[in-house]
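Each value in this text was obtained by applying a stated rule to the coordinates, not by laboratory testing. Predicted model only: the values in this text are computed from it and were never measured. Here Cβ is always computed from backbone atoms with ideal geometry, including for glycine, and neighbour counts include all displayed protein chains.
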Amino acid sequence: MSWWRGRGMWVATAVLCAQAVAFHVFLQNEHEPKVLPLALVNFERGGWALMADEPLDSATAEILHPDDFVYRVLADSRRGLGATVFVAYFRSQRTGHAPHTPRNCLPGHGWVFERTGTYEADVAGAGRLRANRYVIQKENERAAVVYWYQTGERTVANEYEAKLWLVWDAMRHGRSDTALVRVIVPAAAGVEEAERAAEGLAREVYAALVEHFPRLEPLKGT
């Protein structure tokens with residue numbers, strides 16, 4: 001067991017070193033793509049309606065420092081379900097501001113993980129969504145969570161894989177922008193229903209963001 005923990009530490013260190021080299025060598029003249037405000041993205045799809053746009057609490061803002069974000073409360077009146085969609089966008093990770101995994105943030109707010117896993121789905125006109133899928137619990141409350149990291153049309157579930165892609169993006173695309181995307185559906189109607197709803201909403205959110213974010217294009221001359 002200690003060998004695996006040591007192996008994981010070395011892998012993490014190697015990833016961070018590769019990232020540092022990519023920042024220094026390939027991002028001296030970083031290309032920051034032009035991205036319209038996230039407030040313009042329409043998540044009212046698949047029967048979900050907008051109920052409110054929420055501000056980012058000061059504690060989360062202090063930790064993340066996103067360049068742009070949207071935090072929306074949605075409702076599906078047909079099924080009597082509510083949901084929240086949070087997207088934090090980072091134009092560049094050279095400054096040290098980068099996504100923080102909800103796997104660490106949610107326990108800090110009193111939630112515990114009841115079940116963890118991954119979720120993948122092909123989304124027409126967008127691509128393949130690769131995400132984390134959790135069921136969380138706090139006292140008598142339970143909720144389904146789907147979250148991922150997104151750059152252009154590409155999605156990644158694992159944060160270390162996202163860092164490896166960052167090295168490739170620096171070399172191939174001259175950019176280090178990314179977004180953290182999180183969908184939460186409270187399990188008032190039962191956990192299985194909440195999981196299905198979270199997965200469906202995640203597909204809609206992914207499709208909307210693929211339309212919004214600039215696609216990954218190679219730099220000229222590469």
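Side notes on the structure shown:
- Taken over region 151-222, the percentage of Cα pairs per 10 Å bin, counting from 0 up to the bin with the maximum distance, is 18, 39, 27, 12, 4, 0.
- In terms of its Cα atoms, region 2-212 spans 52, 45, 36 Å along the principal axes, sorted from long to short.
- Distance (nanometres) between label positions extended 7 Å along Cα→Cβ at Phe113 and Met51: 2.7 nm
- Pair Arg172, Asn140: separation of 7 Å Cα→Cβ label points (nm): 5.1 nm
- Highest average first, the peptides 194-204, 42-52, 166-176 ordered by how many other beta carbon atoms sit within 10 Å of their residues are 194-204, 166-176, 42-52.
- Per-residue Karplus couplings for region 46-55, computed as 6.51 cos²θ - 1.76 cosθ + 1.60 with θ equal to phi - 60°, are listed in order as x, x, 8, 10, 6, 9, 6, 9, 9, x Hz, Gly and Pro entered as x.
- Average Cα contact separation per residue, region 2-212, under 8 Å, 6 or more apart, as relative contact order %: 24 percent
- Only Lys, Arg (+1) and Asp, Glu (-1) charged, at Cβ; region 149-191 dipole about Cα centre in debye: 40 debye
- Distance from the Cα centroid of region 40-58 to that of region 176-193 is 13 Å (rounded to whole angstrom).
- Karplus (6.51, -1.76, 1.60) ³J(HN,Hα), θ = phi - 60°, over region 71-82, in Hz, Gly and Pro reported as x: 9, 10, 9, 10, 9, 10, 5, 5, 9, x, 10, x
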